[in-house]
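For reference, the structure is listed below as C-alpha cells.
Quick note: the coordinates plus some simple rules give every number you see, no bench work behind them. Quick caveat: nothing in here was measured; it's all calculated off a predicted structure. Note: ideal-geometry Cβ built from the backbone for every residue, glycine included; neighbour counts use all protein chains shown.
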Amino acid sequence: AKTCDATSLSDYETTCSGTVTGETCIATCAVGFTSTSGDSTMTCNANGNFSGTLPSCEPAACSGSIPETSDTSHSCGTMVTGDTCTVSCAAGYTGTAETFTCAASGEISGTAPTCQPGTCPSPTVDSKVQFTDCSDKIVGESCIATCASGYQPMSTGDVATILTCGTDSDGALEMLGSKPACQALSCVYGLPSSQEFTANCDNLVEGDTCSVECSGMYSGTAAEFQCGTDRTFTGTSPECSALSCGDLAMENVESTCKGKASGQTCFVWCAEGYSGSMVSKACDGTAYVGPDPVCTPDECTALPAYDSGKYSSDCDGVTTGGTCTVTCVSTNAAGAAWTCNADGTVTGGDLPACSDDTSSDDGDSSDDGDSSDDGDSSDGNTNIEDNSSSGATMSSTVFKSVLPLAVLAVIFGA
C-alpha cells in the first residue's frame, strides 16, 4: 500500500497523516476559521493523492480590538484571522507607525506606537488682544486671551476666551478657539492741562494723533500728541508766551492796567474829581475785559470870590471839567470864563472890567460924608480887588480827593 501525501491538506486540520491507499480520513477547518459545510471525509488513492470535497472555511473574527488612545489613530474596524492594520500617531503627534495582526487564536496582537505631542505656534499677534502664557503649548494644553490694555470687550461674553493647542481641518497644529472681540478705549491721560493750551483730542484711540495749540491768550507753535497704550497721550507741550494788553486807555479813570499779560488782572477806579466804584478787569491777550467803572463828575464847592453887588455867575452846581461865566451886573462887558477843576476848585482868568453905572453928585463928592463915601468906595474897590485876588488865590488852591485807604490796600496789595 502507498501512503498519501497529507501536505496537500496543510491548510486544514486533518487526521490524514500516514493514511495509505484505500484508507479514509477527516479534514476540518483550521484554527481561526469556521466551516460553512461541516467536516469532510477524504480518501487516499493509489496515485498517492487524496480525493474528496474539502470543507468550506471562512476566517473567524478576532474578539479583541485596537487600543484607543488620544495620541494614536487608525481605521482598522473589525479584523478577521490573518488581517493586519497600521496604527499611526494622531494628528498633532509624532512617532513611528506600528502594525497590529488578527491571530488565529482570535486575538489582535501588536505594539502601540510611541507618540510625542507636537508644539503649537504662538497665536497670531493682534494689537487688540492680550495672550497669557500662549507660547510653546503642546497638543491639549490651553491658555487665556483677553482684551489688551487700551481696549475693552464689545460684549460681556468677550471678557476672556480659552485657546487650546490642536490641529485644524488640514491637520496643522494651531491654537484653536475664538479670540475676544475688543474695541479701543479712547485716550484720556497725558494731555497738558493749563489755560495756556487748547486741544481737540476727544474720542481718539491708540495710534490716533491730535494737535495741542496755544490758547487765544497765548502765542506759540502747535505740537502733535499721539494716543498710545494705557489710554495715554504722548508728546511735548508747545512753548506758549502770554500775549500783552498794553496800557488801558480810558478817560476819567486811574488804573493798575499797564502792560498786563494774558490772564492777569488789574483794578480801575475813578480819577480825582469823579466818584464811582472800583472794578476789576482781566487781560485776554488783546484787550482788558470786564465792567467799566461808572464815574460821575464831582461838584466844585470852592467857587470864585467876587463882589456880588458888581458881579454875578452861573457857577453854582458846576462839575469837574465844566465851565461857568462871571459877568458884570450893570454892563454888557464880556464875561470871564471859569473852569471846575478835579480838585474841587473853580479857576479862570481875571474878573471882567465893569464900569459903574451909578452917578454921584458933586456935593456928595465934596462933603466929608461923600469923602467918607469915597473912602467907602475906595474900600469897595479894594474889596473887589481883594476878592479878585482872593479868586486868584482860590484858583491856585488844590482840594484833592483822596482814595480810601481800604481801596489803596486792595490795589497795591493785589
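Add +1 for every Lys or Arg and -1 for every Asp or Glu among the other residues with Cβ under 12 Å from the Cβ of Pro293, and state the total. Charge balance near Pro293 sits at -2.
Where only DSSP H runs of four or more residues are counted, the chain gives -3500 deg cm²/dmol as its mean residue ellipticity at 222 nm, each run worth -39500 (n - 2.57).
Between region 77-109 and region 141-194, the C-alpha centres lie 43 angstrom from each other. Taking amide H as placed 1.01 Å from N in the peptide plane, the amide H of Gly64 sits under 5 Å from that of Ile108, each at least 5 places away or on another chain. The antiparallel fraction among DSSP beta bridges confined to the chain stands at about 95%. For region 195-306, averaging the sequence separation of C-alpha pairs within contact (under 8 Å, six or more residues apart) and dividing by the residue count gives a relative contact order of 17 percent. The mean sequence distance of close C-alpha pairs (under 8 Å, at least 6 residues apart), as a share of the length of the chain, puts its relative contact order at 6 percent. Rounded to whole numbers, the Karplus 3J(HN,Hα) couplings from phi for region 341-352 are 8, 4, 7, x, 8, 10, 10, x, x, 5, 5, x Hz, using 6.51 cos²θ - 1.76 cosθ + 1.60 with θ = phi - 60°, and x at Gly and Pro. Each principal axis of the Cα atoms in region 245-304 has its own extent, and those three values, largest first, are 48, 16, 12 angstrom.
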